[in-house]
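Inspection log for the structure reproduced underneath, given as structure tokens.
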Amino acid sequence: IVTPVQTILARALSVSAVLRFPTEASLQPAFLTMALGSQKVFGVSGVNYMGGVEFYPAHFLALRFGYSAGPSGDQQRYGLGLRDGLFSLDLAAYPVKNAGSSSLFEQLSAFVEF
């Protein structure tokens, strides 16, 4: 038996800014990217704030740190990315708190360009 369900998605307004060093106009590869953003979900009290830094110590390696704060709590995120031409691999990790216990959530994604 299939039961149809109607879901109304929340409407949100997001504002963000990204700074890349050096700029794309210099045609040099980036070694640092910083991002800041905020999001207001209508019908939910409070505003979500997000920020992150991505650092490239080598052309194939990206190290990431992010932080978000809002009505549902604060959360740190850590990441590592490897890229080589048409292939990239990303690993993200962040702590998850459930009913007093905490664990580490990991997410792995791969991208291949044809």
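The values are calculated or read from the model by the stated rules, or taken from the named source; none is laboratory data. Fair warning: this is a prediction, and the values are worked out from it, not measured in the lab. Here Cβ is always computed from backbone atoms with ideal geometry, including for glycine, and neighbour counts include all displayed protein chains. With ligands, DNA and RNA removed, areas are computed over all heavy atoms of the protein, side chains included. Shrake-Rupley method; radii C 1.70, N 1.55, O 1.52, S 1.80 Å.
Here the gap between Phe60 and Leu108, fully extended at 0.36 nm per residue and compared with their Cα-Cα distance, gives a gain of 15.6 nm. At the listed q of 0.14, 0.15, 0.18, 0.24 Å⁻¹, the Debye profile of the stretch 1-98, built from one uniform point per Cα, gives log10 I(q)/I(0) equal to -0.73, -0.80, -0.97, -1.24. Between Gly73, Gly81, Gly37, the residue with the greatest mean-square fluctuation in the GNM of the chain (Cα pairs under 10 Å linked by springs) is Gly73. When you restrict to C-alpha pairs under 8 Å that are six or more residues apart and normalise by the size of the chain, the relative contact order lands at 14 percent.
Sorted by accessible area (1.4 Å probe), largest first, how do Arg11, Arg20 line up? Walk me through the numbers on the way to the answer.
Numbers: Arg11 185, Arg20 75 Å².
Sorted by accessible area, descending: Arg11, Arg20.
Springs between alpha-carbon atoms under 10 Å, Gaussian network over the chain: tell me which of Gln39, Gln28, Gln76 tops the mean-square fluctuations. Maximum among the listed residues: Gln28. Highest mean packing comes first when the peptides 105-112, 2-9 are listed by Cβ atoms within 10 Å, giving 105-112, 2-9.
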